[in-house]
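The values are calculated or read from the model by the stated rules, or taken from the named source; none is laboratory data. The model shown is predicted, which means the values in this text are computed figures rather than measured ones. Heads up, the Cβs are rebuilt from the backbone with ideal geometry, glycines too, and the neighbour counts pull from every protein chain shown.
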Amino acid sequence: MQKKTVILGYDAVSPLGTDLAVQWRCATKGQSGIGLLTRFPLSPYFPVRVAGQVADLDIRPYPFLQPREMAHWTSPIFKYALLVVHRALAASGISITPELAPRVAITFSSAVGGLDAVLNADRLMVAENKMPHPFTNPNSCINMVTGKVSILTGATGPICSTITACATGITSLIIGETLLQRNMADVVIGGAVDFPLVEPIVAGFATMNGAYRPKEGQPHEPPEKTSRPFSANRRGFVVSEGAGAIIIATDEFARAHGLKPKIELAGWAMTSDAGHFVAPKLDTVQRCIEQAILHAGVKPCDIDAVNAHATSTKIGDKVEADALINIFGKKTPPVSANKSQVGHAMGASSALEAIFAMEGMLGDVLLPTINYQPDPEINIDCVAEGTRKLEQEFVLKNAFGFGGCNSCLVLRRTA
């Protein structure tokens, strides 16, 4: 028998702030978290000048982030991952006791991981002939962030790193939901973290024509105007940072512990493009959306809003919009593109956006797609006028990643 999967709690850090309430206030005001790239020194010829940066975190107020211990974990993915997981668990209302620990799974992951640690070690070896720090490889091991979450929480159930590029955050929830349905866990810690503002990574996105940069010979634009999904003048994604943790559980577990969740993970789907390594494929993207809606047991007309993947790339946005129009026709629901405000946090992006979507569902609010200029080839409602009041029972969340990884889910408000 299919169990209901519910959302117990969540938390996030993004370029809009490190406190979720602050981020939500900024988002509803239509503010942007995009600014000048200052994570590393820029040469006059470096192609990317803007980014979505997360404010530095003072770990002293958090006893679980002990300075001596965290000094070994130099990649920022660790402190921000542990922070959002800790706060999401607090918001969920559950405590991971020794009795519960074997029934708590972890699928919290990362797409890029701690490559900054390897880069820094390499530069020291070349410049100063210094051997790497003993924690260099653990910092760069992508599944180590999942392991650190386990150590923090004491959870001893199934653990895996669900890496599907930019869809990683949503895939973590899908795999977690599968563990719940197979009775391998009662609770799952999902979500993702990525801090990819590392010089060669950002430059690499630019050379593959993915990251935003102005047209040749054109002046640089204000940073807050550069991320513009679905817009006629879109010029690629703004690389950003972030982390989002989402706690899911069976409805049976929630009721047994006196919890009253307000959102259900109603359905999901995954497909693979089996085509180009970065360019999405319409038929498999469309099938992923269709199957997620079908799995939720609803019809396209039941979907009240869409939280889009919407990276601001020419082909990616067009394929997603075409898929939505093919499925919904002239009654395509309003589409919010959160990357217009926070940029593209790689694997963490879909977790962040799912959290924004759930906040909107609980407050009857749709976030705007800022910086929007209508594209005659994309005929959808992008909530361009600003925050919109709308009751939402069902919301579709799309996430697509390099390698043709497609993950979509349907969220349902239950209270």
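Go through the range 97-133 and give me each residue that's more than 27 Å from Ser349 (Cβ to Cβ) and either touching a residue at least 24 places away in the same chain (Cβ under 8 Å) or of a type in the set (Gly, Ala, Ser) (or both).
Pro98, Leu100, Ala101, Pro102, Arg103, Ala121, Ala127, His133
Which count do you get for residues in the range 104-114 that are on the phi < 0 side of the Ramachandran plot and either surrounded by fewer than 24 Cβ atoms within 10 Å (Cβ to Cβ) or within 15 Å of the chain's Cα centre (by Cα) (or both)? Steps first, answer last, please.
Pass one, the range 104-114, residues on the phi < 0 side of the Ramachandran plot: 104-112, 114.
Those still in the list that are either surrounded by fewer than 24 Cβ atoms within 10 Å (Cβ to Cβ) or within 15 Å of the chain's Cα centre (by Cα) (or both) too: 107-112.
Matching residues across the range 104-114 total 6.
Counting just the residues of the range 328-358 that are among the charged types (D, E, K, R) and either within 18 Å of Gly30 (Cβ to Cβ) or in the same structural domain as Ala243 (by TED's automatic domain parsing) (or both), which one comes out surrounded by the fewest Cβ atoms within 10 Å (Cβ to Cβ)? Give the derivation first.
Residues of the range 328-358 that are among the charged types (D, E, K, R), as a first pass: 330-331, 339, 353.
Narrowing the set further to residues that are either within 18 Å of Gly30 (Cβ to Cβ) or in the same structural domain as Ala243 (by TED's automatic domain parsing) (or both) leaves 339, 353.
Details: Lys339: 26, Glu353: 30.
Checked the range 328-358; the qualifying residue surrounded by the fewest Cβ atoms within 10 Å (Cβ to Cβ) is Lys339.
Check Glu252, Glu216 and return the single one that is among the acidic types (Asp, Glu), at negative phi and at pLDDT below 95.
Details: Glu252 fails: at pLDDT below 95.
None of the others qualify; the one that does is Glu216.
Hey, any hits in the range 289-301 for a residue that's in contact (Cβ under 8 Å) with a residue 60 or more places away in the chain, part of a helix (DSSP H, G or I) and under 24 Å from Ala384 (Cβ atoms)?
Yes, that holds for at least one residue.
From the residues in the range 175-229 that are without any contact (Cβ under 8 Å) to a residue 40 or more places away in the chain and within 30 Å of Gln2 (Cα to Cα), which one is nearest to the chain's Cα centre (by Cα)? Working first, answer last.
Taking the range 175-229 first, the residues without any contact (Cβ under 8 Å) to a residue 40 or more places away in the chain are 178, 182-183, 204, 209, 214-219, 221-222.
Still in the list and also within 30 Å of Gln2 (Cα to Cα): 178, 182-183.
Working: Thr178: 19, Arg182: 25, Asn183: 26 Å.
Selected residue: Thr178.
Of the conditions (1) hydrophobic (A, V, I, L, M, F, W, C); (2) crowded, with 16+ Cβ neighbours inside 10 Å; (3) not in a loop (DSSP other than H, G, I, E, B), Leu197 fails just one. Which one is it?
Against the list (1) hydrophobic (A, V, I, L, M, F, W, C); (2) crowded, with 16+ Cβ neighbours inside 10 Å; (3) not in a loop (DSSP other than H, G, I, E, B), Leu197 comes up short only on (3).
So which residues in the range 360-389 are of a type in the set (D, E, K, R) and in contact (Cβ under 8 Å) with a residue 24 or more places away in the chain, if there are any at all?
As a first pass, look at the range 360-389 and keep what is of a type in the set (D, E, K, R): 364, 375, 377, 381, 385, 388-389.
Of everything in the range 360-389, those that are of a type in the set (D, E, K, R) and in contact (Cβ under 8 Å) with a residue 24 or more places away in the chain turn out to be Asp364, Asp375, Glu377, Asp381, Arg388, Lys389.
Among the residues of the range 275-304 satisfying the criterion of being closer than 13 Å to Phe394 by Cα and among the aliphatic types (A, V, I, L, M), which is surrounded by the most Cβ atoms within 10 Å (Cβ to Cβ)?
The residue in question is Ala292.
Each row is one residue, and each column tells you yes or no for (1) touching a strand residue (DSSP E or B) at 6+ places or on another chain (Cβ under 7 Å); (2) β-branched (Val, Ile, Thr); (3) farther than 27 Å from Glu224 by Cβ.
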position	(1), (2), (3)
Lys281	no, no, yes
Val285	yes, yes, yes
Gln291	yes, no, yes
Ala310	no, no, no
Asp317	no, no, no
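Just the residues that are touching a Leu at 6+ places or on another chain (Cβ under 6 Å) and among the charged types (D, E, K, R), please, taken from the range 4-60.
Correct list: Asp11, Arg39, Arg49.
Filter the range 241-277 down to residues that are hydroxyl-bearing (Ser, Thr, Tyr) and in contact with a Lys or Arg (Cβ under 8 Å, 6 or more places away or on another chain) and give me whichever is farthest from Ser350 (Cα to Cα). Quick ask: steps written out before the conclusion?
Let us first name the residues in the range 241-277 that are hydroxyl-bearing (Ser, Thr, Tyr), namely 250, 271-272.
Next, only the ones that are in contact with a Lys or Arg (Cβ under 8 Å, 6 or more places away or on another chain) stay: 250, 271.
Numbers: Thr250: 22, Thr271: 16 Å.
Across the range 241-277, the extreme among qualifying residues is Thr250.
Looking at Gly176, Gly157, Gly190, can you tell me which residue is assigned by TED's automatic domain parsing to the domain that holds Val104 and part of a loop (DSSP other than H, G, I, E, B)?
Working: Gly176 fails: part of a loop (DSSP other than H, G, I, E, B); Gly190 fails: part of a loop (DSSP other than H, G, I, E, B).
None of the others qualify; the one that does is Gly157.
Mind checking whether some residue in the range 214-227 is touching a His at 6+ places or on another chain (Cβ under 6 Å), closer than 22 Å to Val335 by Cα and not in a helix (DSSP H, G or I)? So that I can check it myself, show each step before the final result.
Residues of the range 214-227 touching a His at 6+ places or on another chain (Cβ under 6 Å): 214.
After this cut, where a residue has to be closer than 22 Å to Val335 by Cα as well, the list is none.
The answer is no; no qualifying residue exists.
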